[in-house]
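Student: Here's a structure for you.
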Amino acid sequence: TIPIVSCNTLPIPLGTSREVEVLVMSLMYKNNLLNSFLFDVNRDVWSSPLCPWGIEEQTSVHLLTNCSLVEDSLNVEAKRIMCLCNNLGNVIEPMYDPNCAILNCSRD
């Protein structure tokens with residue numbers, strides 16, 4: 001997946017707290033606070049890159065599209081949007097850079 005270049009600001013609604021804004025923005029980058037990245041940074045502290053249920057590696061794409069902690073209808077909608085924004089047809093995997101795929105969804 002190749003990132004789409006844009007100089008437009010991201011459409012984050014006015015009044016969004018800084019905490020929520022940072023959480024949303026962190027989904028677009030590999031270096032976030034999800035287990036996959038934390039495990040790579042410090043394996044002494046983080047015993048596994050997997051989600052709390054141990055099903056898949058806890059990445060942004062997993063959280064948005066396949067995490068059982070997220071309502072199924074939201075997972076389905078996130079998959080649909082990611083496929084649409086990245087010209088993937090109906091298949092999310094494999095993606096060269098999943099975080100670029102999420103970033104592309106924020107572009108116009």
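Student: Looking only at the range 8-38, filter to residues that are open to solvent by less than 60 Å² (accessible area, probe 1.4 Å) and more than 17 Å from the chain's Cα centre (by Cα); which one of those is nearest to Cys105 (Cα to Cα)?
Tutor: Of everything passing the filter in the range 8-38, Thr16 is nearest to Cys105 (Cα to Cα).
Student: Moving to a separate point now. Within the range 33-49, does at least one residue satisfy the condition of being touching a strand residue (DSSP E or B) at 6+ places or on another chain (Cβ under 8 Å) and over 13 Å from Asn99 (Cβ atoms)?
Tutor: Scanning the range 33-49, I find at least one residue that is touching a strand residue (DSSP E or B) at 6+ places or on another chain (Cβ under 8 Å) and over 13 Å from Asn99 (Cβ atoms), so the answer is yes.
Student: Now for a different question. Return the total of residues in the range 19-55 being under 22 Å from Thr9 (Cα atoms), without any contact (Cβ under 8 Å) to a residue 60 or more places away in the chain and not in a helix (DSSP H, G or I).
Tutor: Here the count works out to 2.
Student: Still on this structure, I have one more. Which of the residues that make up the range 56-81 are small (Gly, Ala, Ser), touching a Cys at 6+ places or on another chain (Cβ under 9 Å) and in a helix (DSSP H, G or I)?
Tutor: Ala78, the sole residue that qualifies.
Student: Working only within the range 67-78, note down all residues that are under 11 Å from the mean Cα position of the chain (by Cα) and open to solvent by 70 Å² or more (accessible area, probe 1.4 Å).
Tutor: Listed by number, the list is empty, since nothing qualifies.
Student: Specify which of the listed residues (Pro3, Pro52) is open to solvent by 70 Å² or more (accessible area, probe 1.4 Å) and modelled with pLDDT under 90.
Tutor: Pro52
Student: Right, something else. Which residue out of Glu21, Glu56 is of a type in the set (D, E, K, R) and touching a His at 6+ places or on another chain (Cβ under 9 Å)?
Tutor: Result of the check over Glu21, Glu56: Glu56.
The values are calculated or read from the model by the stated rules, or taken from the named source; none is laboratory data. Computed from a prediction, not measured in an experiment: that's the story for all the values here. When we count neighbours, we look across all protein chains shown, and the Cβ atoms used for this are built from the backbone with ideal geometry, even at glycine. Protein only, heavy atoms only, side chains kept; ligands, DNA and RNA dropped before computing areas. Shrake-Rupley method; radii C 1.70, N 1.55, O 1.52, S 1.80 Å.
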